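A short write-up of the structure that comes next.
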Amino acid sequence: MTTVAAYAAPAAKAPLERTTIERRAVGESDVLIDVKFAGICHSDIHQAREGWGEAIFPMVPGHEIAGVVSEVGPGVTKFAVGDRVGVGCMVDSCRECDNCKAGLEQYCAKGNVQTYNGIGKDGEPTYGGYSQKIVVDENYVLRIPDGLKLDEAAPLLCAGITTYSPLRHWNAGPGKKVAILGMGGLGHMGVKIAHGLGAEVTVLSQSLRKKDDGLKLGADHYYATSDPETFKKLAGTFDLILSTVSAPLDLNAYLSLLRTDGAFVNVGAPEEPVALNLFSVIAGRKTLAGSGIGGIQETQEMLDFCAEHGFGAEIELIRADQINEAYERVLASDVRYRFVIDTATI
């Protein structure tokens, strides 16, 4: 066991504070990672404040982890000391169900082991990346290509893969009109990735405040959803709308923006139920869907794709003692576009 410094929420809705946690000894197939950077995801806030249901406390959030390997178990074959690596939203799965065998560990039939706010196979709570070190089975560790800066790579482990996976699954690419709904931590990565895939990209945001950024990151068009004319002008336009918004939406209005056979895919998860008139999907044979993160192989593919296209996340680097302030700023949409903790400050 190793004792490491971390930032944890001691109870639901309580401010995060500096503490220490125990990391397990490095096992046969484990990798010990010196965490260098950890992204702050909106889901960290949902979970630390029990917005998605009962949670495990104390909680060390963080599933956008970038660091360097400092020790490997005797059976490790994929990584060596000194390798630049990342860890995303899961650190294990059953490895036996049809989904795991198909490389869809994120949809493990028995439930994957979440990087934090989960229970590992040893029965112990999992603690995330707001910490100095983490021990992870090599099969759930990603290689960060040399072309990506570690701090800009960290948010790719959630924000990057959460947008890449549905964009690939619903075939975003040349000849497709794709809308990214929301221009935040996930949305800005959705714009970059959809543009990199060759799609015609539109941002749908509450206001035009971030229009210049959106166009710079690869959007072809940018519209304000607060303007009723937007819904009239864009009716029947899109093959795919990717919603990164975690607030309740008027789904019927957004479904009207799809072409026949278009898909509206949710990756943002509101805490409250949303209403739907089923005629909104029946008319035009439209799909209302959801998507999680990707499997390990697809996440590696995403990292390689971002490196090949020369982009990581747009980040604001913060000290660990700024985490609570950063949470409030995320809720106020006051970040461009992802806070990343310099874990040397823990």
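The values are calculated or read from the model by the stated rules, or taken from the named source; none is laboratory data. Every value quoted in this text rests on a predicted model; they were computed, and no experiment measured them. Here Cβ is always computed from backbone atoms with ideal geometry, including for glycine, and neighbour counts include all displayed protein chains. For the accessible areas, the whole protein counts, side chains as well, though only heavy atoms, and no ligand, DNA or RNA atoms are used. Shrake-Rupley method; radii C 1.70, N 1.55, O 1.52, S 1.80 Å.
General remarks:
- For Tyr254: the one exception among (1) more than 15 Å from Phe231 (Cβ to Cβ); (2) in a helix (DSSP H, G or I): (1)
- Test for Asn139: is it within 30 Å of Gly27 (Cβ to Cβ) and modelled with pLDDT of 95 or more: yes
- For region 332-346, the set of residues classified as open to solvent by 40 Å² or more (accessible area, probe 1.4 Å), more than 16 Å from the chain's Cα centre (by Cα) and either at negative phi or basic (Lys, Arg) (or both) consists of Ala332, Asp334, Asp342, Ala344, Thr345, listed by residue number.
- Leu181 in contact (Cβ under 8 Å) with a residue 40 or more places away in the chain and open to solvent by less than 10 Å² (accessible area, probe 1.4 Å): yes
- For region 235-245, residues that are open to solvent by 10 Å² or more (accessible area, probe 1.4 Å) and under 24 Å from Pro174 (Cβ atoms) total 5.
- Which numbered condition Gly214 misses (of (1) among the small types (Gly, Ala, Ser); (2) out of contact with any Leu (no Cβ under 8 Å at 6 or more places or on another chain); (3) in a strand (DSSP E or B)): (3)
- Any chance Arg285 is surrounded by fewer than 18 Cβ atoms within 10 Å (Cβ to Cβ) and of a type in the set (Lys, Arg): yes
- Wholly within region 94-176, helices (runs of 4 or more DSSP H) carrying at least 1 residues that are surrounded by 22 or more Cβ atoms within 10 Å (Cβ to Cβ): 150-153, 159-169
- Close Cβ contacts (under 9 Å, 6 or more residues apart or on different chains) running from residues in region 114-128 that are touching a residue at least 60 places away in the same chain (Cβ under 8 Å) to residues that are open to solvent by 70 Å² or more (accessible area, probe 1.4 Å) and among the aliphatic types (A, V, I, L, M) comprise Pro125/Ile119.
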